[in-house]
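**Q** The structure follows.
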Amino acid sequence: MHRKRLPILPGAAGMLMAGALFGAAVMMPAWADERYPPVTDELTKKECGSCHMAFQPAFLPARSWAKIMDTLDDHFGEDASLPKEKVEHIKAYLMKNAADTRWRSKMMRGVRKDWTPLRITELPYWVHEHEEEVRPSAWKDPRVKSKANCKACHRLADRGIYDDDDYYEYRGYGLKRGGYRDDDDYKYRRGYRDDD
Amino acid sequence: MKKATLAIALAGSAMLLGGVASGTSTAALAGSPQEMLKRYAEEAKAAGIMPEGGFSAERGKALYLADHKGGKPATPSCTTCHMKDPTQPGRTRTGKLIKPMALSKTPDRYSDPEKVEKWFFRNCRSVLGRECTPLEKGDFITFMISQ
């Protein structure tokens with residue numbers, strides 16, 4: 001399971017701390033993948049989440065985020081420009097939480113130091129995880145439209161959840177796990193609200 | 001046991017997320033579509049490009065529906081992402097839903113000057129390869145108010 005370091009604190013402080021941690025564990029999705037923590041910066045959520053889901057910073061190395069943020073006026077064939085102050089704020093947040101700031105990130109596998117990937121979907125680990133499990137025709141499904149549409153398949157992607165079979169929503173692209181009858185059944189039983 | 005814990009956690013996170021659910025609306029509405037129109041009318045007059053009859057929904061419609069040249073190849077028209085029928089929801093190229101552009105369907109549109117200006121700047125440069133004039137912006141909003 002996921003590794004979690006618990007601080008060892010003496011006496012009352014320890015008790016208080018334990019209480020706070022328990023509280024947090026109830027409020028937060030307990031199974032949230034620690035490898036891809038959800039975006040917590042409000043500006044990033046807003047400005048990088050309007051055309052696609054705001055991707056978690058742990059998916060790309062810092063140099064990639066820097067390049068993406070420096071070239072927003074030509075962003076994968078679109079203009080995504082922002083005022084300079086906002087660019088600097090978002091860039092700092094993404095770089096601080098990037099894949100290469102994390103311990104042994106799988107996303108960094110096979111990413112050589114002299115390569116600055118601009119897409120998550122071209123990273124060797126991402127390609128590897130998706131070539132086996134996803135039928136090629138799924139990428140052409142109009143409901144998917146783009147590989148970058150993570151939420152089409154990972155319904156809880158914006159909460160950083162990608163790896164729990166229970167929470168995958170294959171929606172007919174491949175096999176359907178978790179025994180859900182259809183989308184409505186899935187949403188009902190998961191308590192999921194369609195946010196967008 | 002596992003299921004029950006998960007259900008509680010989900011309810012908790014749904015509550016947390018409830019407050020920030022809507023992606024398009026901005027918290028504080030600084031203005032109104034009419035104020036945006038007033039601003040663009042002043043800018044158009046100052047630039048000496050305001051025609052006699054003022055803004056026109058017809059011209060706004062033409063701008064919205066036309067295929068343009070000079071922009072980025074993947075986005076020849078506003079309707080690459082927004083729908084030809086502006087009362088229908090559109091989709092970005094990455095598949096995310098865009099609420100209808102018609103004011104009657106999405107009443108909080110064209111009210112936040114910073115948001116309106118940001119998207120005119122980006123989308124006009126993507127589609128037309130240049131910024132829109134104040135006249136084009138006024139025509140566009142006039143069309144969307146009429147829908």
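What follows is calculated from the coordinates using simple rules that are stated; it is not laboratory data. Owing to the predicted nature of the structure, the values given are computational and were not obtained by experimental measurement. In this analysis, Cβ positions are derived from the backbone assuming ideal geometry, glycine residues included, and neighbour counts consider all displayed protein chains.
**Q** Where Rh is the Kirkwood radius over the Cα pairs of the stretch A:49-95, the temperature 20 °C and the viscosity 1.002 mPa s, what D in µm²/s does Stokes-Einstein return?
**A** Values: Rh = 11.0 Å.
Stokes-Einstein gives a translational diffusion coefficient of 195 µm²/s.
**Q** Still on this structure: Take every residue in peptide A:138-144, count the Cβ atoms of other chains within 10 Å of its Cβ, and give the average of those counts. Present the calculation step by step, with values, prior to reporting the outcome.
**A** Values: counts 0, 0, 0, 1, 2, 2, 2.
The per-residue average across the peptide is 1.
**Q** In peptide B:98-110, what is the residue-averaged number of other protein chain Cβ atoms found within 10 Å of each Cβ?
**A** Working: counts 3, 1, 0, 0, 0, 0, 0, 0, 0, 0, 0, 0, 0.
Going residue by residue through B:98-110 and averaging, the value is 0.
**Q** Also, quick follow-up: Averaged across the residues of A:72-78, what count of C-beta atoms belonging to other chains lies within 10 Å of each residue's C-beta? Kindly include the intermediate steps, with their values, before the conclusion.
**A** Details: counts 1, 4, 3, 3, 4, 6, 14.
Mean partner shielding for this stretch: 5.
**Q** Place the peptides B:135-141, B:67-73 in order of packing, highest mean first, counting for every residue the other Cβ atoms within 10 Å and averaging per peptide. The partial results should precede the final answer.
**A** Working: B:135-141: 24.1, B:67-73: 12.9.
The peptides rank, most packed first, as B:135-141, B:67-73.
**Q** Please go through the residue pairs A:84/B:115; B:61/B:137; A:113/A:145 and name each one whose alpha carbons sit more than 22 Å apart in this structure. Spell out each step's value before the answer.
**A** Values: A:84/B:115 16 Å; B:61/B:137 11 Å; A:113/A:145 31 Å.
Among A:84/B:115; B:61/B:137; A:113/A:145, the Cα-Cα distance tops 22 Å for A:113/A:145.
**Q** Which order do A:159, A:35, A:119 fall in if you start with the one that has the fewest other Cβ atoms within 10 Å?
**A** Details: A:159 22, A:35 18, A:119 14.
By the 10 Å Cβ count, ascending, the order reads A:119, A:35, A:159.
**Q** Could you pull out every one of the lysines with an alpha carbon less than 18 Å from that of residue B:72, ignoring same-chain neighbours closer than 8 positions?
**A** B:118
**Q** Over the stretch B:100-147, what is the relative contact order in whole percent, taking alpha-carbon pairs under 8 Å and six or more residues apart?
**A** On the way: 27 pairs, mean separation 23.4, N = 48.
Reported as a whole number, the value is 49 percent.
**Q** Hey, another quick one. Sorting A:50, B:56 on the 10 Å Cβ count, fewest up front, what's the list?
**A** Numbers: A:50 18, B:56 15.
The fewest-first ordering by Cβ neighbours comes to B:56, A:50.
**Q** What are the semi-axes of the equivalent ellipsoid for the stretch A:33-119, taken as the square roots of 5 times the Cα gyration tensor eigenvalues, largest first, in whole Å?
**A** On the way: eigenvalues 85, 47, 25 Å².
Square roots of five times the eigenvalues give 21, 15, 11 Å.
**Q** Spin-label point model (7 Å from Cα, Cβ direction): what's the residue A:100 to residue B:68 distance in nm?
**A** Using points 7 Å along Cα→Cβ, the separation is 3.7 nm.
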